[in-house]
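K.L.:
Before I ask anything, let me first share the structure, which is written out below as structure tokens.
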Ligand code: FRU
């Protein structure tokens, strides 16, 4: 796989979306239209650190291989272009297109630095732009902003969707320490509906990038509200919490006001994730994509000409667990296209290190492992990815602590920021000692979905040489049950070119 890497870019991910060059943060405006998934993203084309925000743009037929398109939205007199969402205005409620050619409408935050520097507090407003040619060219709405700021510094990240019950568009907006809901019949005039969250959930940092959507569980509809928070995540820095409840078209009612906080992902590197659903009607999945970094060190990661990747696309579901209803994430099935060969790992006991890479020739930094383990007699199981320099990344489960972990303290470059090295954990209770670890390794990232996505962790790391060795290391007797391993192929042909097709 090494031959696919660009010179001087040892940490460039190979099957995750990365910007062609320069800085990227949050995914924005995820929308499916006319056979294409559109990904927009927070982008500073002028540097490799966060700076004046634009909306970068890419399209894909399958969420796996992406084609870079020119920048979609540039800053204007109202400010730079922060995070937001996009919808297809099928019925042309906005009047910006026609019924025959409905507009693609982007609703985003304007961040007006001039006003900020002048000491004003109302410098974040919501703006609108539209496209009549499938996102290829964009026009700003001539009466921007569409939602003015009431004098609150943090007033951003509009997520808009059509609400059937309310018969109108609903905007979910992050306002410092709470969420505000706004309603509109035409996407251009907005009225405040309600507020939620001042006294709910985690408040270790500012609330950002909310997302509200329904999912079915036990034959009933339940509403999920995602809220990203920075800092205050379970393993420090930025992370995304979620609430479960009901939304009547106007107000969100939390099912569990006394709840301990629920987290979408316990790793350090899944932030500002967004969902979308307007995929072919026959399908009905709720898809999710996050930004694979953390504001604690995002501006310092050692990647040279580009910074940051997205998580793998995931499907979100609600499931009934012994502890109650929970949100689970699973990798989307389209990722199976990236498998280049399948290895069946035979059932065998693990006592001490079991070198899977030499037993099965699994020597690739691009891997998917789907491991079934019986750990009922064990204290701990570790999956160790390592290189010849003695660096390693550990992913595992501690039976006594009932927690999954990722340890990147010895995984290569760690001293670019003191908040980077660490051992991160996620609570997970097993039934009958059965553990499934579904892992995706891609040069400089690992995503772990345990027991059907009941606990999820995403971490990035920067080895000085690719990790190509995989071992299972047990403390106490572990049984490896029949499992699968896959080598993966890159979905990026060229890191710097405009096409990243598999
Ligand atoms: C989240 C965030 C958003 C904001 C954007 C700016 O990572 O801080 O709240 O709109 O990034 O780039």
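K.L.:
Does the range 104-122 include one or more residues that are part of a loop (DSSP other than H, G, I, E, B) and closer than 16 Å to residue 38 by Cβ?
P.N.:
There is no residue in the range 104-122 that is part of a loop (DSSP other than H, G, I, E, B) and closer than 16 Å to residue 38 by Cβ.
K.L.:
Something else about it: Restricting the search to the range 341-353, which residues are at pLDDT 95 or above and under 17 Å from residue 439 (Cα atoms)?
P.N.:
342, 343, 344, 345
K.L.:
Among the numbered conditions (1) modelled with pLDDT of 95 or more; (2) part of a loop (DSSP other than H, G, I, E, B); (3) closer than 24 Å to residue 492 by Cβ, tell me where residue 299 comes up short.
P.N.:
The number of the failed condition is (2).
K.L.:
Can you list the strands (runs of 3 or more DSSP E) found entirely within the range 416-467 that contain at least 1 residues being closer than 13 Å to residue 331 by Cα? Show your work before the answer.
P.N.:
On the way: elements: 423-427, 434-442, 445-450, 455-460.
Where strands (runs of 3 or more DSSP E) fall fully within the range 416-467 and carry at least 1 residues being closer than 13 Å to residue 331 by Cα, they are 434-442, 445-450, 455-460.
K.L.:
Can I ask one more? Which of the residues spanning the range 226-251 are away from the ligand (no atom under 16 Å from the Cβ) and not in a loop (DSSP other than H, G, I, E, B)?
P.N.:
Across the range 226-251, the qualifying residues are 242, 243, 244, 245, 246, 247.
K.L.:
OK, next. All but one of (1) under 22 Å from residue 403 (Cβ atoms); (2) at pLDDT 95 or above; (3) away from the ligand (no atom under 16 Å from the Cβ) hold for residue 260; which doesn't?
P.N.:
Residue 260 satisfies every listed condition except (2).
K.L.:
Of the residues that sit in the range 213-229 and are over 13 Å from residue 263 (Cα atoms) and touching a residue at least 12 places away in the same chain (Cβ under 8 Å), which one is surrounded by the fewest Cβ atoms within 10 Å (Cβ to Cβ)?
P.N.:
218
K.L.:
Looking at 173, 187, which is the one that is closer than 21 Å to residue 125 by Cβ and not in a strand (DSSP E or B)?
P.N.:
187
K.L.:
Another question, then. Can you confirm whether residue 134 is assigned to a loop (DSSP other than H, G, I, E, B), more than 16 Å from the ligand (Cβ to nearest atom) and touching a strand residue (DSSP E or B) at 6+ places or on another chain (Cβ under 8 Å)?
P.N.:
Criteria met by residue 134.
K.L.:
Of the residues 303, 268, only one is crowded, with 18+ Cβ neighbours inside 10 Å, touching a residue at least 24 places away in the same chain (Cβ under 8 Å) and away from the ligand (no atom under 15 Å from the Cβ); which? Spell out how you get there, then give the answer.
P.N.:
On the way: 268 fails: away from the ligand (no atom under 15 Å from the Cβ).
After applying the criteria, what remains is 303.
K.L.:
I need a count of the residues in the range 105-130 that are away from the ligand (no atom under 15 Å from the Cβ) and within 27 Å of the chain's Cα centre (by Cα).
P.N.:
Summing the residues that are away from the ligand (no atom under 15 Å from the Cβ) and within 27 Å of the chain's Cα centre (by Cα) in the range 105-130 gives 4.
K.L.:
Taking the stated definitions as given, is residue 102 within 21 Å of residue 294 (Cα to Cα), away from the ligand (no atom under 13 Å from the Cβ) and either surrounded by 16 or more Cβ atoms within 10 Å (Cβ to Cβ) or within 21 Å of the chain's Cα centre (by Cα) (or both)?
P.N.:
Against the criterion (within 21 Å of residue 294 (Cα to Cα), away from the ligand (no atom under 13 Å from the Cβ) and either surrounded by 16 or more Cβ atoms within 10 Å (Cβ to Cβ) or within 21 Å of the chain's Cα centre (by Cα) (or both)), residue 102 does not qualify.
The values are calculated or read from the model by the stated rules, or taken from the named source; none is laboratory data. Predicted model only: the values in this text are computed from it and were never measured. A quick note on method: Cβ atoms are made from the backbone with ideal geometry, for glycine too, and the neighbour counts reach across all protein chains shown.
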